[in-house]
Structures are given as C-alpha cells and as structure tokens.
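Undergrad: Below you'll find the structure I mean.
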Amino acid sequence: MRVALAEDDADIAEHMQSAIAQTGIVCDLFIDGKALQTGLKRTTYDAVLVDWNMPPPTGIEVIRWAHESMDAPPPFIMMTSRSDPDDIVSALEAGAADYIVKPENTAVVVARLKSAARRGKGPEKDRMVEFGQYRFDRLEQTATLAGDQIKLTAKEFALALILFDNRDRPLSRSYLLGEVWGSSDQVETRTLDMHVSRVRSKLSLRPENGYVIQSVFGFGYRLEGFEGKALE
C-alpha cells in the first residue's frame, strides 16, 4: 500500500510519516499543494492524507483539481484543525472521502487511511474472476484464455492481476514495482518493462482478445479494454 501525505508543518509531517511507515505502508511526503499535484501526476496512490491550510493550492483546491483532472483520483482524507461543520461539508462536497480534525491519534489516522484505500479499491475480490475470455484463480495463481491454461510466474501473475483489477486506470511504475516486488527502490524499472512484455505476450493481449497494455508516457502502464470485443 502506498499513500501520500501533504503537510507543510515539518514537525507534524515527519511524525505522521514515521508513524505511517512503521505500519508497513509506504508514505511519500509533500510539503505543499503544488508538490502534491506533481506527485499525483507521477505516482499512483491508494489514498492521500492532505492538510487544508497549505500554501496555494490549498488542500481543498488540490482535491477539486484531482477530481476535475485525473481519470481515477485516489481517495483523499482531509486532515485539518478546522472543525466548523461548514468546513467539513465543503471538503466532503469537494470530493474528500473522509475528514479528520487535528489532533488525532496516529493509529486512528492509519486505520482511516486503510479504510479509505479499501473503499477506493471496491469490494473484497472473489477467488475466481473473469474478464471476457480471461479467467484468473487468485488462490492457485493460475490464468486461462478461452479455457487454455497460461503458464505465468508468480510475479507475472501478480502483475497481470493488478492490471486487470485496475483496467482502464493508469498505474505508475513505482506503484507497480511496490505492489509486485514490495519496493520501487531496490528493483530496476527495466525489470518491470520485461515483465510487462512477457505478460503481454503470454496472455496474447491484443484488440481481438479484448485487452491491450498501453504505455503511459513518463508515468507507467494502463490495461485498456475494447468495446465490442471479448469484454467482461
């Protein structure tokens, strides 16, 4: 799981980042709204914790921007000292998934981050899942195309399933590396490119089969579905 934390108070930011990281969550820190916008353009996040009172753009402005500009914005949690009911309503109407009034226990913050991330990913996934002619068994880690089994390594299976679970959503390189390999720092990006190439080839991902993997320049990859083909 990877989250973004935007907070311009250095002491609060460092404390929160450390507390979140200790739970095993990768937490990227941003000191203002502009830096957060840049980060959201480069990386996929499961959830974002954002302060309201940052140098422009403010937290609520970033939330509005994300919902207007991003194809699939992550769930945002507003964390602020502003406790007026009108402010809470404004943040939720702008697109915030949750609202935390400072100060709050870090364990509660982490729990609400995880909850927002789960809601963002939808309901718990079934063991067996089908996408058109493709069928995946999450437990056995097997895949078939039109009934024919496809031999995939564990990493190839994990990568394929992440792409299918997030079809039509751009996923950053760092996110894919973190989800499949557990880190985006210790693995070279060419390892990801090689695995994407293998998944594309082994699963015969092409328009006539309903799905293709598209490169998203400067960002990562997206599994794209085709209308009228072998779709879910």
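Undergrad: Here are some residues: Ala72, Ala21. Which one is out of contact with any strand residue (DSSP E or B) (no Cβ under 6 Å at 6 or more places or on another chain), aliphatic (A, V, I, L, M), in the same structural domain as Ile100 (by TED's automatic domain parsing) and surrounded by fewer than 20 Cβ atoms within 10 Å (Cβ to Cβ)?
TA: Numbers: Ala21 fails: out of contact with any strand residue (DSSP E or B) (no Cβ under 6 Å at 6 or more places or on another chain).
Only one candidate qualifies: Ala72.
Undergrad: Restricting attention to segment 103-122, and to residues there that are modelled with pLDDT of 85 or more and among the charged types (D, E, K, R), which single residue is surrounded by the fewest Cβ atoms within 10 Å (Cβ to Cβ)?
TA: Filtering first and then ranking leaves Lys114.
Undergrad: Continuing with this model, one more query. Mind checking which strands (runs of 3 or more DSSP E) fall wholly inside segment 126-220 and carry at least 2 residues that are surrounded by 13 or more Cβ atoms within 10 Å (Cβ to Cβ)?
TA: Where strands (runs of 3 or more DSSP E) fall fully within segment 126-220 and carry at least 2 residues being surrounded by 13 or more Cβ atoms within 10 Å (Cβ to Cβ), they are 128-131, 134-137, 142-145, 211-216.
Undergrad: Please verify whether segment 70-80 includes one or more residues that are of a type in the set (Val, Ile, Thr), more than 22 Å from the chain's Cα centre (by Cα) and farther than 15 Å from Ala47 by Cα.
TA: Within segment 70-80, one or more residues are of a type in the set (Val, Ile, Thr), more than 22 Å from the chain's Cα centre (by Cα) and farther than 15 Å from Ala47 by Cα.
Yes or no, residue by residue, for (1) modelled with pLDDT under 90; (2) of a type in the set (A, V, I, L, M, F, W, C); (3) within 17 Å of Arg2 (Cβ to Cβ); (4) not assigned by TED's automatic domain parsing to the domain that holds Asp51:
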position	(1), (2), (3), (4)
Leu145	no, yes, no, yes
Ile150	no, yes, no, yes
Leu159	no, yes, yes, yes
Thr189	yes, no, yes, yes
Met194	no, yes, no, yes
Lys202	no, no, no, yes
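Undergrad: Regarding Thr80, is this residue within 25 Å of Arg169 (Cβ to Cβ) and polar (S, T, N, Q)?
TA: Judged against the criteria, Thr80 is not a match.
Undergrad: Quick check on segment 77-88. Is at least one of its residues β-branched (Val, Ile, Thr), more than 30 Å from Val180 (Cα to Cα) and surrounded by fewer than 19 Cβ atoms within 10 Å (Cβ to Cβ)?
TA: Yes, because at least one residue in segment 77-88 is β-branched (Val, Ile, Thr), more than 30 Å from Val180 (Cα to Cα) and surrounded by fewer than 19 Cβ atoms within 10 Å (Cβ to Cβ).
Undergrad: Among Asp28, Asp11, which is under 15 Å from Leu113 (Cβ atoms) and either outside the structural domain of Val101 (by TED's automatic domain parsing) or among the charged types (D, E, K, R) (or both)?
TA: Asp28
The values are calculated or read from the model by the stated rules, or taken from the named source; none is laboratory data. Just so it is clear, the structure is predicted and the values come from calculations on it, not from any experiment. FYI the Cβ positions are ideal-geometry reconstructions off the backbone, even for glycines, and counts take in every protein chain you see.
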